[in-house]
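Asker: My structure is below; once you've seen it, I'll send some questions.
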Amino acid sequence: MWRGFSTLVSRAARGSCRSCIRQGSGAPAPGPRATIFALSSGQGRCGIAVIRTSGPASGHALRSLTATQDLPPARSACLRLLSDPRSGEPLDRALVLWFPGPRSFTGEDCAEFHVHGGPAVVSGVLQALGRVPGLRPAEAGEFTRRAFAHGKLNLTEVEGLADLIHAETEAQRRQALRQLDGELGHLCRGWAKTLTKALAHVEAYIDFGEDDNLEEGILERADSQVRELMVALDTHLRDARRRKPVSIVSPEPGTTRDVLEIPVDLAGFPALLSDTAGLREGEGPVEQEGVRRAYERLEQADLILAVLDASDLASPTSCNFLDMVVTGTIAQRPSGNSQRLLLVLNKLDLLPSGSPDLSLDLPPHQLLSCLTGEGLDGLLETLRKELATICGDPSTGLPLLTRARHQHHLQGCLDALGHYKQAKDVALAAEALRVARGHLACLTSGGGTEKILDIIFQDFCVGK
């Protein structure tokens, strides 16, 4: 490795190295800015609507609409009559709250108006706020962006908040809440701390390598820290839990020609259910195209439901289906492939004994009667277990990497540590550690790249 090579580095280069170590990864503190306002609750008629402001003129806006010089006690709800600041016309009797910065969601002075949710009331209050000097309507995600700029949320927490807003299933909610609680950011900060220690040891060797007072084994300690971190990063990147909706294909013979799809919530997991054409010899070009599309979707699916008529298992069509699709899929499944197959025997109500022909060599299967509903609970429970195996439990283990950006920066960090191990010079090794540390900083802070931040915040709605 690079220990046997020259460690002479210019003073200018060493100074540059130290400045990199001291450089913070957080966003710079923002300067004075306009006060924004928006409806933060959902659109449409509702019992209560929440309108909020953020910025230096929030206190003035609150006084203007309540016609009083006294702000309410901080973080306490007070009943106030809201009036138009120009005409004095009453608008609503509402609860108002005052959040002086920095103890607010955005870190700025904030006010909230909890008004009745009729469209006319909401529109009147928003128009009144628009007439207050220094206020303007908020853009999409601007409240959260200000919270990020003031250090109230790091970037992974921001993404967790976006995921929580868009969560449609129980598993998505649990996963997003962990992200919002900062688990991934906390994990990355721990890794960054390890990298900082390793970089400090390498730089100490650069500066004082020939000094007798330098602690022995300092480079070996850095090597050990890097090895442990590489194992942790590799384990996290190889997490087999899925970060996308699960595709479930059901190749049930019938009249289906195209692939019919519908998103469903199965036991808290988001699944895309696809109904395909039956897998058999097509009699015409249209049917053949339907079968081709069915095979194409089978290749993409994470879980396959192979549905057969339990009362007709001995027919040539069923036997051929069992041999080609069910047995063939199980036999050809590569080691470690997450694609799974579940055989479902339908029309249980047509069997005289209530069970299929056991003389057939059947793989593990689930019995079902769509007519009577018998076996449906068992099938749903089996599906729940299969999805839990595919997707994992989002509430346990390491936090999931929910964005391609997370994957990119962790992989970049791991690649940089690989360059560290291969470096022929101690200065190059130190630079590799800086690059690795920069990737972790970008994961939680965005690295100050406005384009990346714009992409992340554009997913938020106005008022959040």
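Asker: Between a first residue in segment 292-303 that is closer than 10 Å to T276 by Cα and a second residue that is open to solvent by less than 90 Å² (accessible area, probe 1.4 Å) and among the acidic types (D, E), which pairs have beta carbons less than 8 Å apart while being 6 or more apart in sequence or on different chains?
Answerer: R293/D258
Asker: Further question on the same structure: Only residues that are at pLDDT 90 or above and either touching a Gly at 6+ places or on another chain (Cβ under 6 Å) or among the aromatic types (F, W, Y) (or both): list them for segment 115-149, please.
Answerer: The answer is F143, and nothing else.
Asker: Would you check if R93 is farther than 30 Å from L443 by Cβ, surrounded by fewer than 13 Cβ atoms within 10 Å (Cβ to Cβ), touching a Lys or Arg at 6+ places or on another chain (Cβ under 9 Å) and among the basic types (K, R)? First the steps, then the outcome.
Answerer: Working: farther than 30 Å from L443 by Cβ: yes; surrounded by fewer than 13 Cβ atoms within 10 Å (Cβ to Cβ): yes; touching a Lys or Arg at 6+ places or on another chain (Cβ under 9 Å): yes; among the basic types (K, R): yes.
Yes: the conditions hold for R93.
Asker: May I pose another question? So how many residues does segment 63-77 have that are exposed (fewer than 15 other Cβ atoms within 10 Å of the Cβ) and under 41 Å from the mean Cα position of the chain (by Cα)? Step through it out loud before you land on a result.
Answerer: So in segment 63-77, the residues exposed (fewer than 15 other Cβ atoms within 10 Å of the Cβ) come out as 67-70, 73-77.
This time we only want the ones that are under 41 Å from the mean Cα position of the chain (by Cα), so: 73-77.
Selection size over segment 63-77: 5.
Asker: For segment 404-447, how many residues meet the condition of being modelled with pLDDT under 90, under 25 Å from the mean Cα position of the chain (by Cα) and farther than 19 Å from T196 by Cβ?
Answerer: Of the residues in segment 404-447, 6 are modelled with pLDDT under 90, under 25 Å from the mean Cα position of the chain (by Cα) and farther than 19 Å from T196 by Cβ.
Asker: Among the residues of segment 268-283, is there at least one that is at pLDDT below 60 and open to solvent by less than 70 Å² (accessible area, probe 1.4 Å)?
Answerer: yes
Asker: On to the next question. Please identify the pairs in which a residue from segment 416-430 that is small (G, A, S) has its Cβ atom under 6 Å from the Cβ atom of a residue that is open to solvent by 30 Å² or more (accessible area, probe 1.4 Å) and in a helix (DSSP H, G or I), counting only partners at least 6 apart or on another chain.
Answerer: Taking only residues 6 or more apart or on different chains, the pairs are A416/V435.
Asker: All but one of (1) open to solvent by 20 Å² or more (accessible area, probe 1.4 Å); (2) modelled with pLDDT under 85 hold for G182; state the number of the condition that does not hold.
Answerer: So the condition that G182 fails would be (1).
Asker: Any residue at all in segment 380-401 that's more than 23 Å from L161 (Cβ to Cβ), at pLDDT below 85, of a type in the set (S, T, N, Q) and not in a strand (DSSP E or B)?
Answerer: Yes, some residue in segment 380-401 is more than 23 Å from L161 (Cβ to Cβ), at pLDDT below 85, of a type in the set (S, T, N, Q) and not in a strand (DSSP E or B).
Asker: If I filter segment 105-135 down to residues being small (G, A, S) and within 16 Å of R80 (Cβ to Cβ), which single residue comes out as most open to solvent (accessible area, probe 1.4 Å)? Please lay out each step first, then the result.
Answerer: Filtering segment 105-135 for residues small (G, A, S) gives 107, 111, 117-118, 120, 123-124, 128, 130, 134.
Those still in the list that are within 16 Å of R80 (Cβ to Cβ) too: 111, 124, 128.
Working: A111: 0, G124: 18, A128: 0 Å².
Step by step, filter segment 105-135, then rank; the result is G124.
Asker: Can you name every residue in segment 46-62 that is part of a strand (DSSP E or B) and not charged (D, E, K, R)? Full working, then the answer.
Answerer: Going residue by residue through segment 46-62, those that are part of a strand (DSSP E or B) are 46-54.
Within segment 46-62, C46, G47, I48, A49, V50, I51, T53, S54 qualify.
The values are calculated or read from the model by the stated rules, or taken from the named source; none is laboratory data. Just so we're clear, the structure is a prediction, and the values are computed from it rather than from any experiment. Cβ coordinates were reconstructed from backbone atoms using ideal geometry, including for glycine residues, and neighbour counts include every protein chain displayed. For accessibility, only protein heavy atoms count, side chains too; no ligands or nucleic acids. Shrake-Rupley method; radii C 1.70, N 1.55, O 1.52, S 1.80 Å.
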